[in-house]
Amino acid sequence: MHTFTYHSPTKIIFGEGTVSHLLPELKASSIARALLLTGGKSVYASGLHDRVVKELGEAGIVTETVSGVQPNPRLSKVREAVARAKEMHAQAIIPLGGGSVFDSSKAIAAGAASEYDIWDLMLKKHPVTAALPIYGVMTLSGTSSEINDTAMITNEDTQEKFPFFNALVFPKVAIVDPVLQYTVPLNQIYYCSLDALSHILEPYLATADTCNVVSEHCEAYARAIIRCLRSLPQALHNYEIRSELAFCGTYAHSGWASVGRSRRGDFSSHRIGHALGAFYDLPHGITIGVIMPNWMQFAYDQGKGHEIFTRFAKNIMGVTEAPGNDFALAGIKEFRKFIRSLGMPVSLTEADIDAKDIPALADNAARTLPFGALVPMDVAAITAVLKQSL
């Protein structure tokens with residue numbers, strides 16, 4: 001097990017009815033003015049937005065709302081919200097939504113506290129020296145954005161989807177009420193939950209040089225996500241299943257799956273998937289479903305990861321028999337089969353992505369090099385993964 005530092009300053013308030021904790025948390029920090037950030041119609045249809053505005057208003061907290069955050073959150077919306085936050089002299093950002101809303105809130109929090117453009121901060125042309133605190137309500141679990149310091153923002157003008165990391169943008173408080181997620185369409189739950197599963201698999205498959213209990217934790221959470229997703233169509237309002245799925249979504253990219261490893265994770269599937277998202281505006285879960293099993297197959301064909309893929313097959317996918325005793329290959333096939341059982345594409349063709357775009361997609365993904373722990377990536381390797389994905 002390698003030496004590590006784990007830092008997680010976010011206060012998670014989890015469970016049914018926990019939205020009532022938002023106001024006391026804001027008052028405890030003397031927040032008097034806050035910018036609310038939302039995505040589409042769901043937080044309005046559920047009454048969450050109006051409830052929060054009413055409760056905060058009655059307590060004397062001034063709020064304004066920027067809505068319309070989309071999946072693959074746009075830089076233009078971040079800039080709009082930064083300007084609004086500065087105009088109203090916001091003291092906090094309150095995301096009400098899923099991962100895209102939380103991701104955007106982090107960029108907004110940094111941008112609103114800086115004289116520089118947020119894209120320049122993301123490109124590290126200037127340091128992030130301050131950020132507004134974030135107090136959020138998660139309405140669609142899976143990205144773990146409510147507990148980490150990471151955001152993915154898409155620059156529509158350049159077709160780039162870049163990561164933003166900074167310890168100053170950890171949410172101060174995140175409320176996770178699984179009941180708020182009951183009305184989310186099933187396909188969106190699949191997308192986000194597959195993202196959560198991939199966040200666990202990225203470090204799990206990357207290196208095996210940590211203590212066994214860390215890998216066993218990864219296996220337990222991965223099995224739980226798979227089990228819950230298989231049960232979900234018949235149990236959309238089952239609190240135990242929905243709370244377990246939401247809890248796994250918070251854990252997945254919290255950093256715990258990476259502790260003690262020499263590498264934080266592989267992340268080839270994510271970086272290549274981000275290119276697909278930037279080009280085609282696909283939900284991130286779909287890009288993961290297309291790329292990850294095919295990246296596994298690529299790594300297997302390169303003679304890499306046989307031992308960890310075998311463990312993955314037995315301990316996560318539940319494979320008990322394999323042709324030629326090749327559990328590694330059987331596990332990859334079972335993973336692909338599982339994704340397809342969710343009604344999701346597992347190839348570029350099924351996702352309506354044209355093979356002629358592969359060179360441009362590979363070039364786009366390569367802009368975020370270096371990445372790849374199991375198989376170090378370059379443009380040629382990225383291209384090979386994309387061709388494997390056809």
Part of a helix (DSSP H, G or I) and loosely packed, with under 15 Cβ neighbours inside 10 Å: is that true of V179 in this structure? no
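A quick yes/no check of all residues on (1) free of Cβ contacts under 8 Å to residues at least 40 places away in the same chain; (2) assigned by TED's automatic domain parsing to the domain that holds W295; (3) part of a helix (DSSP H, G or I); (4) not polar (S, T, N, Q):
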| position | (1), (2), (3), (4) |
| --- | --- |
| A330 | yes, yes, yes, yes |
| K337 | yes, yes, yes, yes |
| P370 | yes, yes, no, yes |
| M377 | no, yes, no, yes |
| I382 | no, yes, yes, yes |
When you check D326 against the structure, is it at positive phi, charged (D, E, K, R) and out of contact with any strand residue (DSSP E or B) (no Cβ under 9 Å at 6 or more places or on another chain), yes or no? no
Residues R242, R223: which one is more than 16 Å from V179 (Cα to Cα) and in a helix (DSSP H, G or I)? R223
Are any residues in the stretch 209-220 farther than 14 Å from R264 by Cα and not in a helix (DSSP H, G or I), and if so, which ones? C211
Filtering the stretch 18-48 down to residues that are at pLDDT 95 or above and at positive phi yields S30
Under 6 Å between Cβ atoms, which residue pairs at least 6 apart in sequence (or on different chains) link something in the stretch 54-78 that is at negative phi and surrounded by 14 or more Cβ atoms within 10 Å (Cβ to Cβ) with a partner that is among the small types (G, A, S) and part of a strand (DSSP E or B)? T63/A34
Only residues that are within 22 Å of G142 (Cβ to Cβ) and either surrounded by fewer than 24 Cβ atoms within 10 Å (Cβ to Cβ) or of a type in the set (D, E, K, R) (or both): list them for the stretch 103-130, please. D103, K106
Residue count, the stretch 145-166 (criterion: part of a strand (DSSP E or B) and either closer than 15 Å to A110 by Cα or assigned by TED's automatic domain parsing to the domain that holds L276 (or both)): 7
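The values are calculated or read from the model by the stated rules, or taken from the named source; none is laboratory data. None of the values given here were measured: they were computed from a predicted structure. With ideal geometry, Cβ positions are generated from the backbone for all residues, glycine too; neighbour counts draw on all protein chains shown.
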